[in-house]
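K.L.:
Handing you this structure, nothing more for now.
The values are calculated or read from the model by the stated rules, or taken from the named source; none is laboratory data. Remember, it's a predicted structure, so these values are computed and weren't measured experimentally. FYI the Cβ positions are ideal-geometry reconstructions off the backbone, even for glycines, and counts take in every protein chain you see. The accessibility values were calculated without ligands, DNA or RNA, using every heavy atom of the protein model including side chains. Shrake-Rupley method; radii C 1.70, N 1.55, O 1.52, S 1.80 Å.
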Amino acid sequence: MSQGACENQLLSKLALSDKHGEASPYFHGWKAYDNNPFHPTHNPQGVIQMGLAENQLCSDLIKEWIKENPHASICTAEGIDSFSDIAVFQDYHGLKQFRQAIATFMERARGGRVRFEAERVVMSGGATGANETIMFCLADPGDAFLVPTPYYAAFDRDLRWRTGVRIIPVECSSSNNFQVTKQALESAYLKAQETGIKIKGLIISNPSNPLGTSLDRETLESLVSFINDKQIHLVCDEIYAATVFAEPGFISVAEIIQEMYYVNRDLIHIVYSLSKDMGLPGFRVGVVYSYNDVVVSCARRMSSFGLVSSQTQSFLAAMLSDQSFVDNFLVEVSKRVAKRHHMFTEGLEEMGISCLRSNAGLFVLMDLRHMLKDQTFDSEMALWRVIINKVKINVSPGSSFHCSEPGWFRVCFANMDEDTLQIALERIKDFVVGDRANKNKNCNCICNNKRENKKRKSFQKNLKLSLSSMRYEEHVRSPKLMSPHSPLLRA
């Protein structure tokens, strides 16, 4: 036995498995950027990162608040007096003022139409940790969750890798804007049951990543009715709640169950985070909010493995408790996302590229089906490699989100400044124009070949007619058989 094989025997199945999902082009694109990152002066020919859904549009508002409120940090002269209280051990419940501030922020991000209890707020290390925690609470290895496609590429890692939970895709199509239907859910549910798979719940992203669309009231009511009828769980990932910038506005599942009195609330769970709405992914603030008391208790104990630092909790509690700041921030984030979305999609439209109609999120789903060699996922991957390696832009192919149709690409627009966005648009334009020129050139070649073939066939036809006429005239002039040496026979 080789040394490598012996060493592998000492490792766990988890360590040796390939279920992390890192082999996805979603992550390969990030690596391409990391190996050759764009910089306007130091590396202007580098790869532009448009595969990262990050909100950098409102960081100036947070910086300004920090300058005006130095006492909020224990690492300043104004806040140093609180250092000892914050730096000591904190249990997994988290700071009370932090949980209350999060609950209030969630309310305001949902238009104040719902109320959230601070005692149900459970901390986690970002939405990644929150999603995994809720899986550990709701399912055993081998159990499955229904997930409408296309869905967030890293769900394969977050939901499955360490938990052993399975994902059953619910196929959706562009014919209705990729909206999930009750019929599609019923079909996926029945197929899973027929194969002996135990369905424990349904997971949705609202607003959707990668679609950039929010669910309307009727669809949400249909989903809640579905899980209530089946008595399975509903997990709603609402981390893009505050990025909605157009109708239909954002409607939380919390609002829906307030109006549906026959719902078993023990089946409803929300995942939230400050990564997207506030642009603070580095703070690793994730939240599990469940209406199930047992899940809250279990998730809180599990949060010991992914706590938010007390320093971060203290700082955010102060900032999120400033209601004037929060209200202004929520207005601005929606306004700025709308402006950036319009800027990018308008630029694409000018070069003949359309996107799925969207009203939320930090990205668009770009339609490049017309640029595929043929309508296959192999062609999609070939086009993606050209975009990464030649155009030098990292976008994410639809197949990495389990999209049912080839040719869709998620493109993020909020993680860069406007100058970089314009450079990205210029690169896309150059590529599209070049592609059309090549297609026109090929088309002209084909047309020229067809014309030449047509001329050749016409000439051959005329030649045959001419020869036939000559033979007829010769026959008329001489009723005798032609000599074997006649030039007409040789012709």
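K.L.:
I need the full set of residues from the stretch 360-382 which are touching a residue at least 24 places away in the same chain (Cβ under 8 Å), more than 28 Å from Tyr240 (Cα to Cα) and assigned to a loop (DSSP other than H, G, I, E, B), in order please.
P.N.:
Leu372, Gln375, Thr376
K.L.:
To continue, here is another question. Can you spot a residue in the stretch 138-153 that is touching a helix residue (DSSP H, G or I) at 6+ places or on another chain (Cβ under 9 Å), at pLDDT below 95, under 30 Å from Thr181 (Cβ atoms) and open to solvent by less than 20 Å² (accessible area, probe 1.4 Å)?
P.N.:
Checking the stretch 138-153: at least one residue is touching a helix residue (DSSP H, G or I) at 6+ places or on another chain (Cβ under 9 Å), at pLDDT below 95, under 30 Å from Thr181 (Cβ atoms) and open to solvent by less than 20 Å² (accessible area, probe 1.4 Å).
K.L.:
Looking at (1) hydroxyl-bearing (Ser, Thr, Tyr); (2) closer than 20 Å to Ile62 by Cα; (3) in contact with a strand residue (DSSP E or B) (Cβ under 6 Å, 6 or more places away or on another chain), which is the only condition Ser354 fails?
P.N.:
(2)
K.L.:
Could you say which residue among Gly111, Gly164, Gly125 is modelled with pLDDT under 95, over 21 Å from Leu202 (Cα atoms) and more than 21 Å from the chain's Cα centre (by Cα)? Lay out the reasoning, then the answer.
P.N.:
Details: Gly164 fails: over 21 Å from Leu202 (Cα atoms); Gly125 fails: more than 21 Å from the chain's Cα centre (by Cα).
When all the criteria are applied, what remains is Gly111.
K.L.:
Might you let me know whether the stretch 437-447 holds any residue that is open to solvent by 80 Å² or more (accessible area, probe 1.4 Å), in a helix (DSSP H, G or I) and modelled with pLDDT of 95 or more?
P.N.:
Of all residues in the stretch 437-447, those open to solvent by 80 Å² or more (accessible area, probe 1.4 Å) come to 438-442, 444, 446.
Still in the running and in a helix (DSSP H, G or I): 438-442, 444, 446.
Checking which are modelled with pLDDT of 95 or more leaves us with none.
No: the stretch 437-447 contains no residue that is open to solvent by 80 Å² or more (accessible area, probe 1.4 Å), in a helix (DSSP H, G or I) and modelled with pLDDT of 95 or more.
K.L.:
Which helices (runs of 4 or more DSSP H) sit wholly inside the stretch 52-155 and have at least 1 residues that are over 26 Å from Glu332 (Cβ atoms)? It would help to see each step written out before you state the result.
P.N.:
Values: elements: 59-68, 83-87, 96-109, 126-138.
By residue number, 83-87, 96-109, 126-138.
K.L.:
Sticking with this structure for a sec: Just checking, how many residues over the stretch 217-260 are surrounded by fewer than 18 Cβ atoms within 10 Å (Cβ to Cβ) and of a type in the set (Ser, Thr, Tyr)?
P.N.:
Residues flagged as surrounded by fewer than 18 Cβ atoms within 10 Å (Cβ to Cβ) and of a type in the set (Ser, Thr, Tyr) within the stretch 217-260 amount to 2.
K.L.:
Now for a separate question. Can you tell me which of Gly46, Gly129 is open to solvent by less than 10 Å² (accessible area, probe 1.4 Å) and not basic (Lys, Arg)?
P.N.:
On the way: Gly129 fails: open to solvent by less than 10 Å² (accessible area, probe 1.4 Å).
Sole residue among the options that is open to solvent by less than 10 Å² (accessible area, probe 1.4 Å) and not basic (Lys, Arg): Gly46.
K.L.:
Among the residues of the stretch 268-310, which ones are surrounded by 18 or more Cβ atoms within 10 Å (Cβ to Cβ), polar (S, T, N, Q) and outside any strand (DSSP E or B)?
P.N.:
If the condition is that a residue be surrounded by 18 or more Cβ atoms within 10 Å (Cβ to Cβ), polar (S, T, N, Q) and outside any strand (DSSP E or B), then Ser275, Asn292, Ser303, Ser310 are the ones that fit.
K.L.:
If you take the residues of the stretch 88-107 that are at pLDDT below 95 and farther than 18 Å from Arg284 by Cβ, which of them is surrounded by the most Cβ atoms within 10 Å (Cβ to Cβ)?
P.N.:
Step by step, filter the stretch 88-107, then rank; the result is Gln97.
K.L.:
While we're here: I need a count of the residues in the stretch 383-413 that are in a strand (DSSP E or B) and either hydroxyl-bearing (Ser, Thr, Tyr) or under 10 Å from the mean Cα position of the chain (by Cα) (or both).
P.N.:
The first filter runs over the stretch 383-413 and keeps only residues in a strand (DSSP E or B), leaving 393-394, 396-397, 408-412.
If we keep only those that are either hydroxyl-bearing (Ser, Thr, Tyr) or under 10 Å from the mean Cα position of the chain (by Cα) (or both) too, we end up with 396-397, 409-412.
Number of matching residues: 6.
K.L.:
Which number in (1) of a type in the set (D, E, K, R); (2) open to solvent by 10 Å² or more (accessible area, probe 1.4 Å); (3) touching a Leu at 6+ places or on another chain (Cβ under 7 Å) marks the one condition that Asp378 misses?
P.N.:
(3)
K.L.:
Additional query: Given the criterion in contact (Cβ under 8 Å) with a residue 60 or more places away in the chain, open to solvent by 20 Å² or more (accessible area, probe 1.4 Å) and farther than 29 Å from Ile86 by Cα, identify the matching residue among Glu349, Glu332. Before you say what the answer is, go through the steps one by one.
P.N.:
On the way: Glu349 fails: in contact (Cβ under 8 Å) with a residue 60 or more places away in the chain.
Exactly one of Glu349, Glu332 is in contact (Cβ under 8 Å) with a residue 60 or more places away in the chain, open to solvent by 20 Å² or more (accessible area, probe 1.4 Å) and farther than 29 Å from Ile86 by Cα, namely Glu332.
K.L.:
Condition test on Ala192, is it open to solvent by less than 10 Å² (accessible area, probe 1.4 Å), out of contact with any helix residue (DSSP H, G or I) (no Cβ under 9 Å at 6 or more places or on another chain) and either farther than 28 Å from Ser275 by Cα or of a type in the set (Asp, Glu) (or both)? Before you say what the answer is, go through the steps one by one.
P.N.:
Working: open to solvent by less than 10 Å² (accessible area, probe 1.4 Å): yes; out of contact with any helix residue (DSSP H, G or I) (no Cβ under 9 Å at 6 or more places or on another chain): yes; either farther than 28 Å from Ser275 by Cα or of a type in the set (Asp, Glu) (or both): yes.
The answer is yes for Ala192.
K.L.:
Please identify the pairs in which a residue from the stretch 66-77 that is modelled with pLDDT of 95 or more has its Cβ atom under 8 Å from the Cβ atom of a residue that is part of a helix (DSSP H, G or I) and open to solvent by 40 Å² or more (accessible area, probe 1.4 Å), counting only partners at least 6 apart or on another chain.
P.N.:
Every condition considered, no pair remains.
K.L.:
Would you mind finding the one in Lys182, Lys200 that is open to solvent by 20 Å² or more (accessible area, probe 1.4 Å), modelled with pLDDT under 95, under 24 Å from Glu255 (Cα atoms) and over 17 Å from the mean Cα position of the chain (by Cα)? Break it down into steps so the answer makes sense when it comes.
P.N.:
Details: Lys200 fails: modelled with pLDDT under 95.
None of the other options fit; the residue is Lys182.
K.L.:
In the list His342, His370, His402, which residue meets the criterion of being of a type outside the set (Phe, Trp, Tyr), open to solvent by 20 Å² or more (accessible area, probe 1.4 Å) and touching a strand residue (DSSP E or B) at 6+ places or on another chain (Cβ under 9 Å)? Can you show your working first?
P.N.:
Details: His342 fails: touching a strand residue (DSSP E or B) at 6+ places or on another chain (Cβ under 9 Å); His370 fails: touching a strand residue (DSSP E or B) at 6+ places or on another chain (Cβ under 9 Å).
Only one candidate passes the filter, namely His402.
K.L.:
Then there is this: Given the residues Ser187, Ser174, which is the only one that is open to solvent by 10 Å² or more (accessible area, probe 1.4 Å) and free of Cβ contacts under 8 Å to residues at least 60 places away in the same chain? Before you say what the answer is, go through the steps one by one.
P.N.:
Working: Ser174 fails: free of Cβ contacts under 8 Å to residues at least 60 places away in the same chain.
Ser187 is the lone residue from the list that is open to solvent by 10 Å² or more (accessible area, probe 1.4 Å) and free of Cβ contacts under 8 Å to residues at least 60 places away in the same chain.
K.L.:
May I pose another question? Can you tell me which residue is least open to solvent (accessible area, probe 1.4 Å) among those in the stretch 414-433 that are farther than 17 Å from Tyr26 by Cβ and outside any helix (DSSP H, G or I)?
P.N.:
Of the stretch 414-433, the ones farther than 17 Å from Tyr26 by Cβ are 414, 416-433.
Then drop every residue that is not outside any helix (DSSP H, G or I), which leaves 414, 416-417.
On the way: Ala414: 1, Met416: 18, Asp417: 83 Å².
Of everything passing the filter in the stretch 414-433, Ala414 is least open to solvent (accessible area, probe 1.4 Å).
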